[in-house]
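Worksheet: the structure to be examined is printed underneath.
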Amino acid sequence: MELLGLYLSVPFCRSKCTYCNFASGVYPANYHERYVARLEDDLRAIRSRARTWDATLPAAVDSIYLGGGTPTLLSPALLRRLFIALRREFAILPTAEITVECAPGQIPPGALDSLVECGVNRVSFGVQSFIDSEARLTGRLHTRAIALEDIRRVQAAGIRDVSVDLIAGLPGQTLDSWFESLAILADSGVDHASVYMLEVDDDSRLGRELLVNGGRYHAHDVPADDLIAELYTEAIPFLAGHGLAQYEISNFARPGNESLHNLKYWRRDPYLGFGLDAHSMLRARSGDALRFATIDDLDGYLAAPSWPDSARPLSREEALEEAWFLGLRLNEGVSLAALREEFSAPAIRDCLDTVQDLESDGLLAFSDGDRVALTPRGRLLSNEVFARFLAEPALV
Ligand code: SF4
């Protein structure tokens, strides 16, 4: 039975972190109720809208993810409203993974109580660094002590599955300070970790500053690219040595603690995204993937009608490209047999030249004669690898 994942974006933050390129921001609290009311409308409308798109909506939900943003900035009453609406509109399995992203230092006691009451069983903490000076330079509002205390509070409240995010490449970071953050993460006993390399793009203040060599957000203290690559590379054996095995380019877990929700993105399983800048993937009755997304401007989103009139099916070429660049993110890689079954043998034969070129470059490796996966070097250069799979010859 195909199961559905639900993502809800809650784009409110207490302050904007300098490296953040998400559609989130600091908004007056009077947005909160309007936003939740809008999510309730979207939840109510999706079933009939999916029918007009001729999309299949799996009957049961096995993962929910509240991200953003800082969902715990919503009042306990609004958090409860969201979960009541979710349970009214969807059959949520009793075993469903229900994750909420939290910022350390921003989980008031009432919010923690309401998370437990709403059935949340996984918390993902955006720590980014356990070094106080590094966290402060990027606008994070927590210290190491606060982060560790919040991990303990969440676990003591009965939410056993905890994940911690770190970023490699923050201003002021060194190899020593990075190992210190990794060691604290490992000692905290969490079962899941995400390690991201700093993204340099126009969508964050630090990224913009790096592009133009500015000085306001400490761009001059950002480690050189080679050191960032080394930080990321060193994290992999270190975390493995502490029981957290890499299973995706940026994700590490103890066995059985992989993020069920995020696996849906990489395995192209169906999910619905609600709220600002939220992406969805459903299957049309024909089997084609339908992808659609909401806009990333909060006032525009609140003023726009619920859901678009139509959802564009991916072409077979686009779906195959996705199968490569999403599947290769996973350490398990891509199964050629599964691709042949989904896209036809000639279509996959057309891709094999690219695979072989990348294998000779040391970026991809075969295993079991069927699976293709990134090598460690391929993970560092993953964007280059993915670009090679775009615009393959037309499918037959
Ligand atoms: S990193 Fe998280 S807490 Fe910081 S601004 Fe972005 S969404 Fe908000």
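Since every read-out is calculated from the coordinates, none of them should be taken as a lab result. All values reported here derive from a predicted model rather than from experimental measurement. Cβ coordinates were reconstructed from backbone atoms using ideal geometry, including for glycine residues, and neighbour counts include every protein chain displayed.
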Go ahead and estimate [θ] at 222 nm for the chain from helices alone: -39,500 (n - 2.57) per DSSP H run with n ≥ 4, summed, over the residue count, rounded to 500.
-> -12500 deg cm²/dmol
Starting from the Cα-Cα distance between E317 and Y196, subtract it from 0.36 nm times their residue separation and give me the gain in nm to one decimal.
-> 40.7 nm
Just checking the chain: which Cys have no other cysteine's beta-carbon under 4.7 Å?
-> C13, C102, C118, C351
Using 1/(1 + (r/R0)^6) with R0 = 56 angstrom and r between the beta carbons of T354 and A77, what's the FRET efficiency to the nearest 0.05?
-> 0.60
Separation of the D299 and Y27 label points, Cα + 7 Å toward Cβ, nm | 1.2 nm
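Work out how much length R47 to R216 would gain on full extension: take 0.36 nm times their residue separation and subtract the Cα-Cα distance, in nm to one decimal.
Additional length available on full extension: 56.1 nm.
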Cβ charges +1 (Lys, Arg) and -1 (Asp, Glu), total dipole of the stretch 3-264, debye | 1240 debye
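Mean separation of Cα pairs under 8 Å and 6+ residues apart, divided by the residue count of the chain: what relative contact order is that in percent?
Working: 715 pairs, mean separation 62.4, N = 396.
Relative contact order here is 16 percent.
Please report the equivalent ellipsoid semi-axes of the chain, computed as sqrt(5 x eigenvalue) of the Cα gyration tensor, largest first, in whole Å.
Working: eigenvalues 194, 172, 81 Å².
Equivalent-ellipsoid dimensions as semi-axes: 31, 29, 20 Å.
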Compute the FRET efficiency between S306 and A240 as 1/(1 + (r/R0)^6), taking r as their Cβ-Cβ distance and R0 = 45 Å, and round to the nearest 0.05.
-> 0.50
Compute the normalised compactness of the stretch 1-116: alpha-carbon radius of gyration over 2.2 N^0.38 Å, N being the residue count.
-> 1.12
How big is D, in µm² s⁻¹, for the stretch 1-52 by Stokes-Einstein at 37 °C and 0.692 mPa s if Rh is the Kirkwood radius over C-alpha pairs?
-> 244 µm²/s
If the label point is 7 Å along Cα→Cβ of D176, which residues in the stretch 114-136 have backbone nitrogen under 20 Å from it?
-> 129-136
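Can you classify the stretch 256-303 as rounded, prolate or oblate using the Cα gyration tensor, where a ≥ b ≥ c are the square roots of its eigenvalues, rounded means a/c under 1.5, and otherwise it's prolate if a/b beats b/c and oblate if not?
Since a/c reaches 1.5 but b/c is at least a/b, the shape of the stretch 256-303 is classed as oblate.
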